[in-house]
Every structure is written in structure tokens, then in C-alpha cells.
Amino acid sequence: MLDLPRVIGHRGAAGIAPENTLAGFRAARDAGVRWVEFDVRLTADLVPVGIHDATLARVAGMSGRIARLTADRLATIDAGSWFAPHFAAERVPTLAVALAECAALGLGANVELKCCGIRSRALARRAADVVRSARGVPLLVSSFRPSLLAAFRRRAPDVPRGLLLERLRPGWRATARRLGCVTVNLGAIGLDARKIGAVRAAGFGIVVYTVNDPARAARLLAAGVDSIISDRPDALTSVFS
């Protein structure tokens, strides 16, 4: 079983720094967390990069799909000033750069593989190649798409995996076991002690997203959750350090 911390920074530390950026990772470290979660998509030239959305509209205020841009082009785009002017130098990092920064900061990483349509399995393979080369970073790779986790497992079978679900649905145990997952990563909405108990009884760790309220986080941890993913790790680590 992974040595998961009680608090994981969501997209770095999305409530206090631009999401999925190196500045976000540093903010999470400064807030006292030991792990961050971030998203990965594939560029036009098949480079895994750290970004949640399929387009640049929200984080850069411009048109352009990630799948149609090269990694070099993304490296020129301001991905931080939308959050605050002093983050204007932030860029969309490649997965390799993001993991190198995590290693330098002493952070573990929950890497979420996003669906990229017909190129999703290519993302899984490319991400697996990068992850296998990472050194000094405790890792958990998760996805909502079982096919991505299956493709990733074939390429990097020794890297721990987590099945992402909004809520428990029929067949979740069989899917998580078939994929060799060590965690089930669940949305917080509607989650209760009975469902938490079912996941624990099945032998999986439980990671819950996205909880920013310390009182809600405390109840979930007391009910048996292993880790809370939060936009405001600073608010949670002050209570659960």
C-alpha cells in the first residue's frame, strides 16, 4: 500500500496558485503538503503536458486545443496571469518537467490521465514512458477511463494505479481489481461511512476529491478515508499536519 498523506494538493494548490503549474507545486510544498495531484494531456507532437482542460480558453484566455499545439508552442504561452498578475511567467509544464520539479521539492505525485479521444491510449503509453524514467517521486497514476489505466499498466506495470470515480457504481470492485488498482479515488459528494467502509473492506485505499472545508475533511478522515485532495491545502494542513 502507498504511504499516502492525509492532504494532497489539487492541481498543485489550485486555490492559491495557478493550477497545474510549477508555482502551484511550490505553493503546495510551502503549505506543508507532501503530495500534489495534477492532470496530463497530450500535445500535437505527442508530449504529455500538465493541463486539465482540452483548450487554453480558461487558463490562457485564448483559442487553441491542446491536441493541436506542440509542446514548444505551449512553452511560450502565459498560463498564470489569469490567476494573478505576478504569475505571468508560469507556463504549461511537460510531464517530465513537472515530475522533476516534484522530485526537487520532495513531493509525491498523483498524475491524472485525461481522456484525449482516439489518442487516449497514446497518452497512456507516452505518460508511462516518462513516469518510468522519473526518479525520487512517489507516484499514483489515476484516470476515470479504465482503458487508459489498462494501457498504462501494460507499459508501466509497477507504477501504482487508482480508479477515479465520481461515485461508486455497479461493478467498481471488479474494475478496480482487473486493473490492479491500489486506490479508489472518489468524489466527495454523497460519500458516507457505508460507502467508505465498502471500499476499505474490498482492500483499496481511498482518496477523496475535492474538499476544501476542514470540518468536512475531518469527518471523512475519521470515517476511514486515507487522503483528501484539496484546492486549499494550506487550510487543511494547518489542522491535519
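Just wondering, is there one or more residues in the range 76-86 that are more than 18 Å from GLY15 (Cβ to Cβ), assigned to a loop (DSSP other than H, G, I, E, B) and either open to solvent by 70 Å² or more (accessible area, probe 1.4 Å) or free of Cβ contacts under 8 Å to residues at least 12 places away in the same chain (or both)? The answer is yes; a qualifying residue exists. Candidates in the range 109-120 are the residues that are out of contact with any Leu (no Cβ under 7 Å at 6 or more places or on another chain) and part of a helix (DSSP H, G or I); of these, the one that is modelled with the lowest pLDDT is ILE118.
Within the range 27-56, the set of residues being farther than 23 Å from LEU186 by Cβ, touching a Gly at 6+ places or on another chain (Cβ under 8 Å) and assigned to a helix (DSSP H, G or I) comprises ALA27, ARG29. Would you point out which residue out of ARG58, ARG73, ARG68 is more than 30 Å from GLY205 (Cβ to Cβ), under 19 Å from the mean Cα position of the chain (by Cα) and open to solvent by 40 Å² or more (accessible area, probe 1.4 Å)? Only one candidate passes the filter, namely ARG58.
Residues in the range 199-213 that are part of a helix (DSSP H, G or I) and surrounded by 18 or more Cβ atoms within 10 Å (Cβ to Cβ): 1 in all.
Filtering the range 31-44 to residues that are acidic (Asp, Glu) and under 14 Å from SER120 (Cα atoms) leaves only ASP39.
The number of residues in the range 87-99 being part of a helix (DSSP H, G or I) and closer than 16 Å to ALA27 by Cα comes to 3. Set side by side, the residues ALA96, ALA100, ALA150, ALA134 differ, and just one is surrounded by fewer than 20 Cβ atoms within 10 Å (Cβ to Cβ), over 17 Å from the mean Cα position of the chain (by Cα) and small (Gly, Ala, Ser), which is ALA150. In the range 178-198, the qualifying residues are those that are outside any loop (DSSP other than H, G, I, E, B) and more than 20 Å from the chain's Cα centre (by Cα), and the one that is surrounded by the fewest Cβ atoms within 10 Å (Cβ to Cβ) is ARG194.
Across the range 6-26, what is the total count of residues that are assigned to a loop (DSSP other than H, G, I, E, B), open to solvent by 10 Å² or more (accessible area, probe 1.4 Å) and touching a strand residue (DSSP E or B) at 6+ places or on another chain (Cβ under 7 Å)? Residues that pass the stated criteria total 2.
Against the condition open to solvent by 60 Å² or more (accessible area, probe 1.4 Å) and assigned to a helix (DSSP H, G or I), how does ARG219 come out, does it pass? For ARG219, the condition - open to solvent by 60 Å² or more (accessible area, probe 1.4 Å) and assigned to a helix (DSSP H, G or I) - is met. Answer with yes or no whether ALA127 is open to solvent by less than 60 Å² (accessible area, probe 1.4 Å), part of a helix (DSSP H, G or I), in contact with a Gly (Cβ under 7 Å, 6 or more places away or on another chain) and small (Gly, Ala, Ser). Spelling it out, it is not the case that ALA127 is open to solvent by less than 60 Å² (accessible area, probe 1.4 Å), part of a helix (DSSP H, G or I), in contact with a Gly (Cβ under 7 Å, 6 or more places away or on another chain) and small (Gly, Ala, Ser). With respect to the numbered conditions (1) exposed (fewer than 15 other Cβ atoms within 10 Å of the Cβ); (2) assigned to a helix (DSSP H, G or I); (3) not small (Gly, Ala, Ser), which one is the sole condition not fulfilled by THR175? Of everything listed in (1) exposed (fewer than 15 other Cβ atoms within 10 Å of the Cβ); (2) assigned to a helix (DSSP H, G or I); (3) not small (Gly, Ala, Ser), THR175 misses just condition (1).
The values are calculated or read from the model by the stated rules, or taken from the named source; none is laboratory data. Computed from a predicted structure; not experimentally measured. With ideal geometry, Cβ positions are generated from the backbone for all residues, glycine too; neighbour counts draw on all protein chains shown. Surface accessibility is based on the protein's heavy atoms, side chains included, excluding ligands, DNA and RNA. Shrake-Rupley method; radii C 1.70, N 1.55, O 1.52, S 1.80 Å.
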